[in-house]
Amino acid sequence: MNLKDNTYIVTGGSSGLGKAMAVSLKNEGAKVVITGRDQSKLDTVASEIGVQGFHADVNNDADIEALYGWVKDNFGKLDGLINNAGIGDWAELDQMSREKMKNVFETNVFGATMMASHAARIFKDQKYGDIVNIASTASLKGYKMGSIYAASKFALRGLSQCWQAELRPYNVRVIQINPSEVPTAFAKVDRVEKPLEDNKLTPKEIADTMVAALKMDRRGFIPEVSVFATNPF
């Protein structure tokens, strides 16, 4: 399927995986809107890579409403949502707090759901569309100190499966991508990108996977795909 002139929203698009996916979509000829919470960084990156930026926080329902209204007014349609915005936190069980859990779930689960809910309304009317949930290999298997983050990604995996069952009758594809470790600014307080490592994944591998899944003829879709580094040890 040709992605040229398709319109996509990429949440968390001002760095890391989101930025790489926005670039890849633009290189396919798509029209791309990236979102982010840091207005200055968002504007800089949007200008740098030649896409539209819209200042929005997926935790804020008013921001989400404004984003979708702006996309409708400026593009008249939406072909796909890339649900990429996410945060992480880690703690041993005896050091857990309700606030830590709520903070991560607010973005990774509730924010992703509300973004997808608005997209689904458009896609059901259009009778087509794509939702790509960027989860993690942490959605497949828990690990030490992973209670908060892994639980949020397990939840996103369950949501992906529910949305697939609901939206397939409308020709809407829901695709989950599970990256393994990718050095980015993820979970860094200063939001500075980590240097890439020769034996680890880069954002490009995830962007390539997303584009390949989206370009499949609409008669088929990939429900879930995981991407691991070949030899990260």
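Numbers below:
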| read-out | value |
| --- | --- |
| Contact order normalised by residue count of the range 7-227, Cα under 8 Å, 6+ apart, percent | 20 percent |
| Long-range HN-HN contacts of Ile34 with modeled amide H, under 5 Å | Val10, Gln52, Gly53, Phe54 |
| For the range 78-93, 3J(HN,Hα) per residue [Karplus equation, 6.51 cos²θ - 1.76 cosθ + 1.60, θ = phi - 60°, Hz, x = Gly/Pro] | 9, 9, x, 10, 9, 7, 10, 4, x, 9, x, 7, 9, 6, 6, 4 |
| Cubic angstrom per residue, convex hull over Cα atoms of the range 7-227 | 121 Å³ |
| Cα centre as origin, Lys/Arg/Asp/Glu Cβ charges: the range 1-120 dipole, Debye | 340 debye |
| Eligible lysines near Lys77 by straight Cα distance, threshold 17 Å, same-chain separation 8 or greater | Lys4, Lys26, Lys31, Lys124, Lys127 |
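Read-outs throughout are calculated quantities, based only on the coordinates presented, and are distinct from any laboratory measurement. Since this is a predicted model, take the numbers as computed values, not measurements. Methodologically, a virtual Cβ is constructed for each residue, glycine included, from the backbone with ideal geometry; neighbour enumeration extends over all protein chains shown.
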